[in-house]
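Taken together, the values in this text are just the output of simple stated rules run on the coordinates, not laboratory data. Here the structure is a predicted model, which means the values were calculated and not measured. Here Cβ is always computed from backbone atoms with ideal geometry, including for glycine, and neighbour counts include all displayed protein chains.
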Amino acid sequence: MTTAYYTHADCKRHEMGAWHPESPERLQAIEDQLIASRISTLLDHRDAPLAQETDLARVHSADAIYRIRENCPTERSEYQHFPLDADTSLNAHTWQASLRAAGAAIAATDAVIDAEIENAFCAVRPPGHHATRKESMGFCMFNNVAVAAKHALEVRGLQRVAIIDFDVHHGNGTEDIFRNDERVLMVSFFQHPYYPYSGTEQKAGNMVNVPVPAHSYGDVIRELVTQQWLPALQAFRPQMLFVSAGFDAHREDDMGQLGLVEADYAWLTRQIMSVARDYAQGRIVSCLEGGYNLSALARSVTAHLKVLADLE
């Protein structure tokens with residue numbers, strides 16, 4: 001089995017301040033852990049290309065794209081950061097990093113559909129699942145998974161794709177983009193009530209959003225996946241699976257108050273792979289979302305990749 005690992009140095013150049021938890025050190029921690037775990041050399045390392053604006057425009061409004069492209073400070077600017085909201089800002093490298101993040105997801109999608117690889121993990125930032133059609137928010141610029149899923153549907157001709165989101169926060173941007181799109185099934189769990197305070201009202205028919213209270217542990221998550229996610233995915237019979245892989249539901253991550261551990265992420269990945277093998281020729285593209293405790297993030301991504309690459 002071939003698992004590709006997409007990333008790019010540009011993704012480390014975007015930063016929102018030394019205080020910010022969505023930091024370049026996240027990618028370095030993952031890379032260090034993969035080396036320490038002796039699986040880095042077993043992955044197919046690939047550089048993320050740049051997405052084109054036409055790729056972004058399938059998902060985002062012209063104003064949303066313009067706001068990122070035109071407001072990045074220059075390296076000589078008086079101000080190092082341009083704020084989009086209270087916790088999301090641009091620096092001189094954000095536009096380039098954002099194009100790499102979306103470009104990785106698109107390139108991985110093409111490589112999987114073309115059977116060059118069976119699956120892929122995109123170690124990219126900025127993350128994406130809070131970015132709506134019209135607005136960047138929640139550390140996210142463009143919705144990388146949504147861009148890739150639209151590419152699979154509208155460029156590569158697939159008819160049904162599924163999006164699995166296991167971040168501690170609800171993927172409000174992905175829901176906004178694909179609400180009532182019968183070609184897409186989105187399944188997720190998320191801590192509730194919690195940012196972005198969405199996902200529980202006016203649910204669209206193609207959304208299986210499962211809110212869980214704070215301090216829920218792996219047994220709760222495994223039960224809801226078994227009882228709610230898997231029957232929906234099996235009935236939908238997706239031709240490809242996309243994963244918004246957030247690891248901030250880990251019990252060591254202070255960003256949320258859920259209680260997952262590495263074994264839970266490995267179990268989740270096995271369920272996703274089972275669906276992919278049954279219905280989608282094994283096709284999976286996974287993209288990094290949250291995860292802010294560096295050690296827990298790195299260990300959890302490694303657990304996820306070991307299953308994707310059949311290295312357990």
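Miscellaneous remarks
- From its DSSP helices (H runs of at least four residues, each -39,500 (n - 2.57)), the chain gives a residue-normalised ellipticity at 222 nm of -11000 deg cm²/dmol.
- Taking a ≥ b ≥ c as the square roots of the eigenvalues of the Cα gyration tensor, the chain is rounded, since a/c falls below 1.5.
- For region 210-312, the relative contact order is 34 percent, taking Cα pairs closer than 8 Å that sit 6 or more residues apart in sequence and dividing their mean separation by the residue count.
- Among 217, 195, 66, the largest mean-square fluctuation in a Gaussian network model of the chain, built with springs joining Cα atoms closer than 10 Å, belongs to 66.
- Between residue 74 and residue 156, the modelled labels are 4.0 nm apart [label points 7 Å from Cα along Cα→Cβ].
- Taking a straight Cα-Cα cut-off under 18 Å and skipping sequence neighbours fewer than 8 places away in the same chain, the lysines within cross-link reach of residue 134 are 150.
- Spatial separation of Cα centroids for region 241-312 and region 2-33, in angstrom: 17
- A Cβ-based charge dipole, computed about the Cα centre of region 205-312 with Lys and Arg at +1 and Asp and Glu at -1, lands at about 420 debye.
- FRET efficiency estimate (nearest 0.05) - Cβ-Cβ, residue 214 to residue 235, R0 25 angstrom: 0.25
- Computed on region 3-308, with alpha-carbon pairs under 8 angstrom and 6+ residues apart, the relative contact order is 20 percent.
- Separation of alpha-carbon centers, region 133-212 and region 54-130, rounded to whole Å: 17
- Each of the peptides 205-215, 160-170 was scored by the mean count of other Cβ atoms within 10 Å over its residues; in descending order, highest first, they stand as 160-170, 205-215.
- The chain: DSSP helices with Cα axial extent of at least 24 Å and average Kyte-Doolittle hydropathy no lower than -0.5: 94-113, 262-279
- Of the residues 109, 84, 128, the one whose Cα sits farthest towards the positive end of the charge dipole of region 83-131 is 84 (charges of +1 on Lys and Arg Cβ, -1 on Asp and Glu Cβ, taken about the Cα centre).
- DSSP finds beta bridges in region 3-308, and of those with both partners inside it, around 10 percent are antiparallel.
- Measuring r between the beta carbons of residue 201 and residue 62 and using R0 = 35 Å, the FRET efficiency lands at 0.75.
- Here the chain is treated with +1 on each Lys and Arg Cβ and -1 on each Asp and Glu Cβ, and its dipole about the Cα centre works out to around 580 debye.
- Length-normalised contact order of region 133-248 in % [C-alpha pairs under 8 Å, at least 6 apart]: 33
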